[in-house]
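Inspection log for the structure reproduced underneath, given as structure tokens.
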């Protein structure tokens, strides 16, 4: 019960710039980009289905568990794309569940360089199970020992500039800034705040077998939450990859992955914490599983 109370206080009050984020984060953000940015839909010439699973802070009772399942791809003839994703994010007594649909349209800027813009709309359920919380541990929060849920629409917008070897994207999520009505917090933390993402990456070909791909993501949430991730991967024959990642004030990570026959893909990441929470857990694990369908465009 004490661990649940601690986690809930982190989520509602913010322990650091990382934990102040209301939306879940992924170490393998480069393989979960459609969930972050709706403009990704239609930027490849194939459809794909991808699942991401994050098991955070192993060793803490009822730690955060995040799952996403996405499906997206291009129109067969027009420069546009469609997609949808489902997500479920559970942390102790709180959970976020939703489904979102996206549309994107892309244009050619110069030869080999295109710009895509996308929109997404969805429905979110935010739930708090007050029966899992001991009111004595949360004297400052008006949480009742009952299960409450709030349903609300959600929206996002994004832009994505891309070429064969590099990309840059910007997106804004939770644009509607809905207020949660399942508990009464006087300091305004019961409001869903907009999240802004800036991403970028470049694949440098060393020779016909090896490539190096540095990438980064910056996340900002008003008024002052800020998070920065930097990752570098080494890729062998577009089949195997391994890399290291650093998340500011949060963790170092190790990544490995495999792409079979340009169809099936698998990725794994392990986070080693560097903040105060490292004393209470043995790290975080993350899995990515993907399948690419035949080219349609």
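Points to keep in mind about this one:
- Yes/no for residue 98 being part of a strand (DSSP E or B) and within 29 Å of residue 232 (Cα to Cα): no
- Residue list for the range 30-46, filter: buried (at least 24 other Cβ atoms within 10 Å of the Cβ), assigned to a helix (DSSP H, G or I) and under 10 Å from the mean Cα position of the chain (by Cα): 33, 34, 35
- Screening 144, 125 for residues that are modelled with pLDDT under 95 and touching a helix residue (DSSP H, G or I) at 6+ places or on another chain (Cβ under 6 Å) leaves exactly one candidate, 144.
- Meets criteria (surrounded by fewer than 17 Cβ atoms within 10 Å (Cβ to Cβ) and either modelled with pLDDT of 90 or more or within 16 Å of the chain's Cα centre (by Cα) (or both)) for residue 25: no
- Candidates 266, 228: the one that is touching a strand residue (DSSP E or B) at 6+ places or on another chain (Cβ under 9 Å), under 30 Å from residue 177 (Cα atoms) and assigned to a strand (DSSP E or B) is 228.
- Flag if residue 250 is modelled with pLDDT under 95, out of contact with any helix residue (DSSP H, G or I) (no Cβ under 7 Å at 6 or more places or on another chain) and loosely packed, with under 14 Cβ neighbours inside 10 Å: no
- Put simply, of 258, 236 the only residue that is at pLDDT 95 or above, over 19 Å from residue 166 (Cα atoms) and more than 19 Å from the chain's Cα centre (by Cα) is 258.
- The range 231-263: number of residues that are touching a strand residue (DSSP E or B) at 6+ places or on another chain (Cβ under 9 Å), closer than 19 Å to residue 290 by Cα and in a loop (DSSP other than H, G, I, E, B): 5
The values are calculated or read from the model by the stated rules, or taken from the named source; none is laboratory data. On a predicted model such as this, the values are computed, not experimentally measured, just so you know. Positions of Cβ are generated from backbone atoms using ideal geometry, with glycine treated the same way; all protein chains shown enter the neighbour counts.
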